[in-house]
Amino acid sequence: MALVIYDQGYRIQTPVESLFRPRGVEGLTQSVNSAAVPGSEDQIRQQQDLEQRIQLSKERFQVPGESSGKASHKAYQDASTAGDKPKKPQGLRAAQIMTSPVLTIPPETSLRQAWALMQEQEVSHLMVVDADERALGIISIHDIMQRGTDSPISVTQAYHRQMIAASPDTEVSSIAASFVRYPIGAIPVIGRDEKLEGIVCRTDLIRMLINDGHVESWA
């Protein structure tokens, strides 16, 4: 299953891109376009400079010889149609690397209590769940620090209600790409029964690299 959006514990049909702004070049291009003021020479120069840099980046990483590239691609297609098409190797799945069980807290938990639990368990994210263990949202250590680690207010005033979520069989390559593309640090793993089964954090992927994980199978 592809990555989806959960809002207050329920899956919604809204595309990921419409709720989570991509970071990097695409996000920067969007922000420049939206901030440009007609008639502003500085904004126009900034936009032109950005477009030039993007074009140079594309040319730098483009395979030399466009015509030869097309010929190679055609030859590959001919070879594929002549025999069996090459099958993409099955990559790692979320269920294989996720942390489970997940540390959860009820909505009435204070930021002070959530912070203490994070420090005790040495984690950077907590899942907020209701009485039925339905994932209502996610809160990070940065969310708490922004509002005060000794604050008595409820986590409901700080946690993210909209989350990018995966299923147990989501490929790790899709999760890794989302960490690069979107400003998120963790992705909950939700099963078919809408129950929280695990969580994948950036640190899980880094740990795999350190432990010589099979990165080539992610692609």
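The values are calculated or read from the model by the stated rules, or taken from the named source; none is laboratory data. Keep in mind that what you see is a predicted model, and the values were worked out from it rather than measured. Using ideal geometry, Cβ is built from the backbone for each residue, glycine included, and neighbour counts are taken over all protein chains shown. Quick note on the areas: whole protein, heavy atoms, side chains included, nothing else; ligands and nucleic acids left out. Shrake-Rupley method; radii C 1.70, N 1.55, O 1.52, S 1.80 Å.
Structural remarks
- Of all residues in region 144-158 being without any contact (Cβ under 8 Å) to a residue 40 or more places away in the chain and open to solvent by less than 40 Å² (accessible area, probe 1.4 Å), the one that is nearest to residue 105 (Cα to Cα): 144
The rows are residues; the columns are (1) out of contact with any Leu (no Cβ under 9 Å at 6 or more places or on another chain); (2) polar (S, T, N, Q).
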| site | (1), (2) |
| --- | --- |
| 128 | no, no |
| 135 | no, no |
| 142 | yes, no |
| 146 | yes, yes |
| 152 | no, no |
| 160 | yes, no |
| 166 | no, no |
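- Number of residues in region 98-118 that are over 14 Å from residue 136 (Cβ atoms), surrounded by 17 or more Cβ atoms within 10 Å (Cβ to Cβ) and under 24 Å from the mean Cα position of the chain (by Cα) equals 3.
- Looking across 141, 164, 175, one residue alone is open to solvent by 20 Å² or more (accessible area, probe 1.4 Å) and either within 16 Å of residue 11 (Cα to Cα) or of a type in the set (A, V, I, L, M) (or both). It is 141.
- Residue that is nearest to residue 110 (Cα to Cα), among those in region 178-196 that are assigned to a helix (DSSP H, G or I) and open to solvent by less than 50 Å² (accessible area, probe 1.4 Å): 179
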